[in-house]
1. Of (1) 7, 30, 32, 21, 9, 0; (2) 9, 37, 40, 14, 0; (3) 7, 32, 37, 17, 5, 1, 0, which one was derived for P(r) over Cα pairs in 10 Å bins from 0, in percent from the structure shown?
2. Where does helix 99-119 land angle-wise versus the long Cα axis of the chain, in degrees 0 to 90, nearest 10?
3. I'd like to check one number: the per residue accessible area of the chain, probe 1.4 Å, reported in Å² as a whole number.
4. Scan the chain and report its longest stretch carrying no trypsin sites (Lys or Arg not before Pro) that are both in a DSSP loop and have at most 15 other Cβ atoms within 10 Å.
5. Does anyone have the angle between helix 130-141 and the longest principal axis of the chain? Alpha-carbon axes, 0 to 90°, nearest 10?
6. Looking at the square roots a ≥ b ≥ c of the eigenvalues of the Cα gyration tensor of region 140-231, which shape do they give, rounded for a/c under 1.5, prolate if a/b is larger than b/c, or oblate?
7. Using a 10 Å Cβ count of at most 16 others and DSSP loop calls, identify the longest part of the chain lacking such GluC sites (Glu not before Pro).
8. What percent does the relative contact order of the chain come to when contacts are Cα pairs within less than 8 Å and at least six residues apart?
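The values are calculated or read from the model by the stated rules, or taken from the named source; none is laboratory data. Fair warning: this is a prediction, and the values are worked out from it, not measured in the lab. Here Cβ is always computed from backbone atoms with ideal geometry, including for glycine, and neighbour counts include all displayed protein chains. The area values use the complete protein model at the heavy-atom level, side chains included, leaving out ligands, DNA and RNA. Shrake-Rupley method; radii C 1.70, N 1.55, O 1.52, S 1.80 Å.
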Amino acid sequence: MSTLENLVDIPSTPQFQELLSKDLKRISLIYFWTSWAEPCVQMNQVVEGLAKAYPTLLALRAKAEEQADISDSFDINSVPTCLVIQGHALLARIEGGDAAQLKEAITKHLESNSSSTTSHPPSPPSSETEEQLEARMRDIMHQSAVVLFMKGEPNAPRCGFSRSAVALLREKDVTFTHFDILSDENVRQGLKRLNDWPTFPQFIVQGEFVGGLDVVKEMKDSGEFEAVFSA
C-alpha cells in the first residue's frame, strides 16, 4: 500500500515482534484499523503523512480483525486506535480519529527521544563479566519452577505481550515468579543471547527456556501446556 520504507503493513505476529525488536530505542507508531470504519479513512492519510514527515519513525499498520492476536495483546476494542511505542513500552494511546492528538504525541516523543540520544553520554560499560552475568541470569531462571521474564510487574505490565503472558499463566492457575527486564539492561540483553530469543516475555520452566508468548499459546492450544508447565 505504501512505498515508504518506514511504513509497514503487518502480515503476522512474528514479523511484528521482529520489527519492534530490531531497535528498542526507536519510536514506533502502531495503527490498528479496518477497511469498513469511516474514521480510518482520514487516519490512513494521517499515519502515512507522519511516516513521510518523520523518517526515523517506524509506522506499523495492523488490520485489527485480521491480526486478532496483536489486537488482543494491546486490548484494542475500537478502531482507529494508535499506540506510540518505544521498544515494547507503551508511551501513548490515542483512540478514535483524533489526528491532532496523534501528531502531538508523535512529535513530543520523537523530540524527546532525539534529545536523550544526543544530550547524554553513553553509560559506562558494566564491570560485570559475561560469566558473572550468565551465572546471575541462571540463578534468576532457577528462582522458582516457573519464571516469567517480562516488562513491568504482573499487576502492572508495561507492554501488551507481557499482559497477555500474565493472563495466560493466571488462567491456567500456574504459580510463577517474575523478573522485570526493564529494571536491568544487562539481563535484558544477556537473555536474548543466552536463550537465542530476541523478544520478551520469555517463559522459563525448571530453569530451562521454553519459548515466547506465541510458542506458549501454541502449547495451550495443542494441549502440551499442562505437561510442560506441571513438570
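1. Working out P(r) over Cα pairs in 10 Å bins from 0, in percent from the coordinates points to (1).
2. 60 degrees
3. 51 Å²
4. 26-171
5. The angle comes out at about 90 degrees.
6. Judged from the Cα gyration tensor, region 140-231 comes out prolate (a/c at least 1.5, a/b above b/c).
7. 129-223
8. Relative contact order of the chain: 17 percent.
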